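Engineer: Before anything else, here's the structure in question.
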Amino acid sequence: MTSSLVWPWLKDSAIAVAGWADPPIDPVHDTDDRPSVKELVEKHRKNIDAVAKELRDDPLFDSDHKHDDLWVLRFLLSNKNKVKPSTKAAQATLAFRKEYKLDENDIRAFPPATPIAKDEAHKRYAKHIEEGCLPCHVPDPQLGPIFFLVFSGFHQNDMVKFVDEQDWKPAIVYVSEWCFQWTDYITRTTGRLTKNVRFVDAEGMKLSEINMECNRRDGKVMGSMDQMYPQMLEGIKIINSPSWIQIPWKVIRTIMPKRVVSKIDFVEPSKKESEKLKLLKYISEEDLPNRFGGKYTTWPPQYDEMK
């Protein structure tokens, strides 16, 4: 356990001293099955200590103020509780976070694909996403962040034509970091291991707008970052998909990281109540936008996550 965490998104928070809420909050609803951080740490105590021991000579490892039990735990959970691959992933992440200066700023109030986003490469990338087609929010401060993607507003052909490939990685890093800071904050303030979920509205998408080079670049970047954000993605729910989507999907899935592909689920919440329940695990029906089968009518959604 740390003496006082100094992550910028925990600044001035009492949780910075405690590490995480103990005891954890009660489950938010009947299907909230997020595990207790305390119980996970106790269960994996031996290997957490083993990884921390392997990392202690790395000058970027700061067990007193940043890289606590929870930080190490995520790598173990993503690497089948094995010490060597977890250590290797943690070391790569330390160097990655230094390279992109990710420990310096709290960016939670500056969501991706908005004019106030703090990264210039991301802004160049997001120019080719229509306004309101990538709203990123935290509808409930006790649950995880949600990305609401409207695929028809992503102009992949223009992205490939006008965005330099060297901008691809920092653009996606910004999206991932915004998400990580929120999931880490919520995990610590609730005491429950929290991840993010992405709801993708595929209605109106056109086969001509699916650019394989764009997907190749996405897959390459996500593959290079596969270990940098452990235990962050809960799932990707693709909704209102056209009948022909399985044709390009057979190709796209071969160039995406297997860890991501395994978490993609095609659902129809407007047609089946059982399918809607898959979404209501992460958001209330009152907050779920009606395009995804919920009761929230404003689009793009407006939630006050910084309140």
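The values are calculated or read from the model by the stated rules, or taken from the named source; none is laboratory data. Not measured: the values here are computed from a predicted model. Here the Cβ is made from the backbone with ideal geometry for all residues, glycine too, and neighbour counts use every protein chain on show. For accessibility, only protein heavy atoms count, side chains too; no ligands or nucleic acids. Shrake-Rupley method; radii C 1.70, N 1.55, O 1.52, S 1.80 Å.
Engineer: Which members of the range 150-171 meet the condition of being aliphatic (A, V, I, L, M) and at pLDDT below 95?
Structural biologist: VAL150
Engineer: Considering the range 204-226 alone, what residues qualify as being surrounded by fewer than 19 Cβ atoms within 10 Å (Cβ to Cβ) and part of a loop (DSSP other than H, G, I, E, B)?
Structural biologist: Correct list: GLY204, LYS206, ASN211, MET225, ASP226.
Engineer: Can I ask one more? Only one residue in MET232, MET228 is in contact (Cβ under 8 Å) with a residue 12 or more places away in the chain and under 23 Å from GLN166 (Cβ atoms). Which one?
Structural biologist: Details: MET232 fails: under 23 Å from GLN166 (Cβ atoms).
After applying the criteria, what remains is MET228.
One line per residue, one yes/no per condition, for (1) of a type in the set (D, E, K, R); (2) within 19 Å of the chain's Cα centre (by Cα); (3) open to solvent by 10 Å² or more (accessible area, probe 1.4 Å):
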{"residue": "LYS118", "(1), (2), (3)": "yes, yes, yes"}
{"residue": "GLU131", "(1), (2), (3)": "yes, no, yes"}
{"residue": "CYS136", "(1), (2), (3)": "no, yes, no"}
{"residue": "GLN142", "(1), (2), (3)": "no, yes, yes"}
{"residue": "PHE148", "(1), (2), (3)": "no, yes, no"}
{"residue": "GLY153", "(1), (2), (3)": "no, no, no"}
{"residue": "VAL160", "(1), (2), (3)": "no, no, yes"}
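Engineer: Among the residues of the range 160-175, is any under 20 Å from LEU288 (Cα atoms) and either of a type in the set (D, E, K, R) or touching a strand residue (DSSP E or B) at 6+ places or on another chain (Cβ under 9 Å) (or both)?
Structural biologist: Taking the range 160-175 first, the residues under 20 Å from LEU288 (Cα atoms) are none.
Taking every residue of the range 160-175 in turn, none turns out to be under 20 Å from LEU288 (Cα atoms) and either of a type in the set (D, E, K, R) or touching a strand residue (DSSP E or B) at 6+ places or on another chain (Cβ under 9 Å) (or both).
Engineer: Looking only at the range 53-68, count every residue that is among the aliphatic types (A, V, I, L, M) and either surrounded by fewer than 18 Cβ atoms within 10 Å (Cβ to Cβ) or within 23 Å of THR194 (Cα to Cα) (or both) and tell me the total.
Structural biologist: Residues flagged as among the aliphatic types (A, V, I, L, M) and either surrounded by fewer than 18 Cβ atoms within 10 Å (Cβ to Cβ) or within 23 Å of THR194 (Cα to Cα) (or both) within the range 53-68 amount to 1.
Engineer: Across the range 98-150, what is the number of residues that are free of Cβ contacts under 8 Å to residues at least 24 places away in the same chain and under 28 Å from ILE25 (Cβ atoms)?
Structural biologist: 0
Engineer: So ASP201 clears everything in (1) within 18 Å of HIS155 (Cα to Cα); (2) open to solvent by 20 Å² or more (accessible area, probe 1.4 Å) except one condition, right? Which one?
Structural biologist: (2)
Engineer: While we're on this one: Starting from the range 6-28, keep only residues that are closer than 18 Å to GLU39 by Cβ, then list their pairs with residues that are at pLDDT below 90 and open to solvent by 70 Å² or more (accessible area, probe 1.4 Å) whose Cβ atoms are within a distance under 6 Å, requiring at least 6 positions of separation or different chains.
Structural biologist: Final answer for the pair search is GLY19/MET1.
Engineer: May I ask you to list the residues in the range 248-273 that are more than 23 Å from TYR296 (Cα to Cα), without any contact (Cβ under 8 Å) to a residue 24 or more places away in the chain, open to solvent by 60 Å² or more (accessible area, probe 1.4 Å) and not in a loop (DSSP other than H, G, I, E, B)? Break it down into steps so the answer makes sense when it comes.
Structural biologist: Kept after step one, since they are more than 23 Å from TYR296 (Cα to Cα), are these residues of the range 248-273: 248-264.
Next, from what is left, pick out any that are without any contact (Cβ under 8 Å) to a residue 24 or more places away in the chain: 249-250, 253-254, 258, 261-262.
Next cut, open to solvent by 60 Å² or more (accessible area, probe 1.4 Å) only: 250, 253-254, 258, 262.
Within the range 248-273, LYS250, LYS258 qualify.
Engineer: Restricting the search to the range 131-154, which residues are of a type in the set (Val, Ile, Thr) and over 12 Å from PRO289 (Cβ atoms)? Before the answer, list the steps.
Structural biologist: Let us first name the residues in the range 131-154 that are of a type in the set (Val, Ile, Thr), namely 138, 146, 150.
The answer is VAL138, and nothing else.
Engineer: Same structure again: Considering every residue within the range 69-81, establish whether at least one is open to solvent by 50 Å² or more (accessible area, probe 1.4 Å) and in a loop (DSSP other than H, G, I, E, B).
Structural biologist: So far as the range 69-81 goes, yes, one or more of its residues are open to solvent by 50 Å² or more (accessible area, probe 1.4 Å) and in a loop (DSSP other than H, G, I, E, B).
Engineer: Consider LYS169 carefully, then state whether it is open to solvent by 40 Å² or more (accessible area, probe 1.4 Å), touching a helix residue (DSSP H, G or I) at 6+ places or on another chain (Cβ under 6 Å) and not polar (S, T, N, Q).
Structural biologist: yes
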